[in-house]
Structure formats: C-alpha cells, structure tokens
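In what follows, a structure is listed as structure tokens, so that the remarks can point back to it.
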Amino acid sequence: MLSLAALCMAASLSFAVVADDAIAIDGTPQSLRASQDAIKRNVAAKNGDYAHLTDGEKQTILRKQDAIYALIEGRTSFDGLREDEKVRLFNAVEEVRALVSKAEDSRMVCERVRVIGSNRPQNKCLTVAERRRQRERAQQQGIRAER
C-alpha cells in the first residue's frame, strides 16, 4: 500500500476535465515539479512504497517525468499551455500516478480528436479500462457483422 504522503505527492496536481472538454489544471508548475522530484527521489531510493516497481516501470516514470519537466520548464503558471500541451502533460502525470499506485485501469488517457461536422478539435478522455471495453465491443460487433 502507498503511504498517505506518497499519495499526496502523486496527487498534488489535480486535473479536471470540464464540460467544454478543456483540461483545467489546478496548482502551479512549481508544485508539480516538487511532487515529481519527490517521486523521483523515492523511486531512486527504492523506498517501501516504491520498492514494488520493476526496472521497466522506473524507466517509464523517469521518461514521463522528463516530458513533464520539459512542458513546465520556465513557467510560473499553466495558463500559457496550448490544449495539446495540456493533454500531453495530463497523460504524463496520469501515467506516473498509475505506475506508482499500480492502478493502470483507472488511468485517464486524453487525446485531441476532430468531431464529425466540426473543425474544432476536442479533448476525449477515458480510462484505460473504458478504452479496452470500447475496443472489445467494436471487435465483437465487427465479428458479428462478418457472419
């Protein structure tokens, strides 16, 4: 089990998908950097809550953190991020959170998609489990259609 401190660090930056499909980011780039730095130190030290991570998972965390750091470098707020940068930041933070907490199915994944009939891209966010269920349903419908 993760300690309360580890969960607080992993969740210190909260994202919320709002009704108009924009990703709203609470907190600051500095608070995000601080929480990611703490995770990085704990992963490197193999502290109790992080001892379960495989070498591959640790490398993935470090790669995602590099992407997070690149997106927030030199920023004092998240206001200047483009929507595609917010999506990439959201996905990287969610992947780190899911790996640390061993909760892959609950990890949110967002993507920018063009809706039929509109030129304006929108964010579409689903959990890994929801994406898998949709893929399985589509495959089953494809099999039924072939019969």
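Data for the structure
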| item | result |
| --- | --- |
| Candidates Cys125, Cys110 - the one that is within 30 Å of Ile39 (Cβ to Cβ) and touching a Phe, Trp or Tyr at 6+ places or on another chain (Cβ under 7 Å) | Cys110 |
| Subset of the stretch 102-123 [farther than 29 Å from Val43 by Cα, within 19 Å of the chain's Cα centre (by Cα) and of a type in the set (A, V, I, L, M)] | Val113 |
| Subset of the stretch 25-52 [touching a Lys or Arg at 6+ places or on another chain (Cβ under 8 Å) and within 28 Å of Arg75 (Cβ to Cβ)] | Ile25, Pro29, Val43 |
| Those residues of the stretch 76-106 which are among the hydrophobic types (A, V, I, L, M, F, W, C) and modelled with pLDDT under 90, in sequence order | Ala98, Leu99, Val100, Ala103 |
| Filter pass, Gly117 being in a loop (DSSP other than H, G, I, E, B) and within 26 Å of Ile25 (Cα to Cα) | no |
| Close pairs from the stretch 21-49: first more than 23 Å from Asn123 (Cβ to Cβ) and among the charged types (D, E, K, R), partner at pLDDT below 80 and surrounded by fewer than 17 Cβ atoms within 10 Å (Cβ to Cβ), Cβ under 7 Å, at least 6 apart | Asp49/Ser3 |
| Selected residue [β-branched (Val, Ile, Thr) and surrounded by 14 or more Cβ atoms within 10 Å (Cβ to Cβ)] from Ile61, Ile116, Ile143 | Ile61 |
| Criterion: in a helix (DSSP H, G or I), in contact with a Phe, Trp or Tyr (Cβ under 9 Å, 6 or more places away or on another chain) and not aliphatic (A, V, I, L, M) - qualifying residue of Gln36, Gln65 | Gln36 |
| Criterion (within 13 Å of the chain's Cα centre (by Cα), part of a helix (DSSP H, G or I) and surrounded by 11 or more Cβ atoms within 10 Å (Cβ to Cβ)) met by exactly one of Leu99, Leu71, Leu126 | Leu99 |
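The values are calculated or read from the model by the stated rules, or taken from the named source; none is laboratory data. Owing to the predicted nature of the structure, the values given are computational and were not obtained by experimental measurement. Using ideal geometry, Cβ is built from the backbone for each residue, glycine included, and neighbour counts are taken over all protein chains shown.
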